[in-house]
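> Here it is: the structure, laid out below.
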């Protein structure tokens, strides 16, 4: 496929030259050289869904705190696609967090925010399924059914991205979802040991999140800034003495962070989360 | 000038035809992959779908290794449905508790000659085996799936992994 596309590119390029096309037009032709089923990378991964991360936190003792999630009203202030994707992830976690804590009306509001940003990033066919939204509304009083609907929605979203060769978008969305989950959990983690373990457990996702952000097809200044924040958190975490002393095997006992290390991690995650939900603020 | 234009147009038309034929091939391949993904989803039965990974590779004269890392944050049972029906080369699947660069790495289970079939793996079974090998560990939270692909006929192939939890 790649060869034929290259030939096509060459052929069209020759035609374009003979027809005195502009450099921009030539560029757009050469940029079509992509294939859907290129060979997979040697070391790949499956990132969990935001609702799974939120469930792990809930199971570890995280309770609902009003006013901690990103306000739904903020959804219209994200003008860059990268910010829309990141906050689609943030809102996906907020949606799951509310639903798992039986805050059904708040969950419904976050579904609207997810729909709104989903439309903007080109996933309208996933989030505009009227029948599904109606079923969601009918499930508002049934937390288990609501949970099931969120799984269904995330499955549809994931399948759509995979089928349409948009997996790179899901990596950015996941980065936002991971950050929001960590932000919601980290303050309580110092008080509850089980939650502290859950936070450390989810740090294992940071490397894959960074890989996902690095594999974006386009260079983007905003993405670079976000990526460097993630890399900074990974480097900081890796330098903690408790982490250095622990096994590299994620199945073994998780590192027990000291209060000072927790504070430092919380500070970094809060700063990253602020830069995602309020992109104009530094 | 007219001759060059005619030639390039003929060339483009020819290439478009070849490309369309190739795209049809890709479309058929992709349809087969989607069918197999659907079969894997069905194998999850009552487990909730959590994600999937399609590992594409070009089979050929040399051996190769592909890895997929998965996470199990919940204490629930996880189910992995794998389809190797689109794999014709000799395939060994190895399940490890860590990546290749981690010193304390344990092989949990190995499946030899597993090309050309659909099957499932349960975390309950894996945890039983793992606790025997590494008693100090409570349960698996992180699993590394290695596909060791042998040499064979040149072809574009794929292995489908679908995961869910109960």
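We did not get these values from a lab; they are worked out from the coordinates using the rules stated. Treat the numbers as computed from the prediction; the structure is a model and nothing was measured. Don't worry about glycine lacking a Cβ; one is built from the backbone with ideal geometry, like all the others, and counts go over all protein chains shown.
> Find the Rg to Rh ratio for the stretch B:85-166, where Rh is the Kirkwood radius over alpha-carbon pairs and Rg uses the same atoms.
Computed over Cα atoms, the ratio is 1.00.
> Neighbouring Cβ atoms within 10 Å as the yardstick, rank A:270, B:154, A:93 fewest first.
Ranked by crowding around the Cβ, least crowded first: B:154, A:270, A:93.
> Continuing with this model, one more query. Which whole-number percentage describes the relative contact order of chain A, with Cα contacts under 8 Å and a sequence gap of 6 or more? Could you put the intermediate results ahead of the total?
Working: 289 pairs, mean separation 55.4, N = 282.
Once normalised by length, the contact order is 20 percent.
> Relative contact order for the stretch B:2-165 using alpha-carbon pairs under 8 Å, separation at least 6, rounded to a whole percent?
Normalised by residue count, the contact order of the stretch B:2-165 is 38 percent.
> Evaluate peptide A:144-153: per residue, the Cβ atoms of other protein chains within 10 Å of its Cβ; return the mean as an integer.
For this peptide, the per-residue mean of nearby foreign Cβ atoms is 1.
> Further question on the same structure: What's the angle, to the nearest 10 degrees (0 to 90), between helix A:2-18's Cα axis and the longest principal axis of chain A?
The answer is roughly 50 degrees.
> Can I ask one more? Helix A:81-100 versus the longest principal axis of chain A: what angle, 0 to 90°, nearest 10, using Cα atoms?
30 degrees
> From other protein chains only, count the Cβ atoms within 10 Å of every residue's Cβ in B:70-77, then give the mean.
Neighbouring Cβ atoms belonging to other protein chains average 6 per residue here.
> For chain A, modelled as a Gaussian network with Cα springs under 10 Å, which listed residue fluctuates most, A:206, A:169, A:80?
Highest fluctuation of the listed residues: A:80.
> Taking the 0 to 90 degree range and rounding to the nearest ten, how far is the long axis of helix A:221-238 tilted relative to the main principal axis of chain A, both from C-alpha atoms?
40 degrees
> Can you pull a Stokes-Einstein diffusion coefficient for the stretch A:50-277 at 10 °C (1.306 mPa s), Rh from Kirkwood over Cα pairs, as a whole number of µm²/s?
89 µm²/s
> Can you pull the mean other chain C-beta count within 10 Å for peptide B:54-62?
3
> Is it possible to state the helix-based mean residue ellipticity at 222 nm for chain A, with each DSSP H run of 4+ residues giving -39500 (n - 2.57), the sum divided by total residues, to the nearest 500 deg cm²/dmol? What is it? It would help to have the intermediate numbers written out before the result.
Working: 14 runs with 191 residues, N = 282.
Rounded to the nearest 500, the figure is -21500 deg cm²/dmol.
> Place the peptides A:173-186, B:117-130 in order of packing, highest mean first, counting for every residue the other Cβ atoms within 10 Å and averaging per peptide. Please report the intermediate quantities before stating the final value.
Details: A:173-186: 27.1, B:117-130: 16.2.
Order by mean packing, descending: A:173-186, B:117-130.
> Here is a follow-up. Restricting things to alpha carbons, find the Rg to Rh ratio for the protein assembly as shown using the Kirkwood radius for Rh. Working shown, then result.
On the way: Rg = 23.6 Å, Rh = 23.7 Å.
Ratio of gyration radius to Kirkwood radius for the protein assembly as shown: 1.00.
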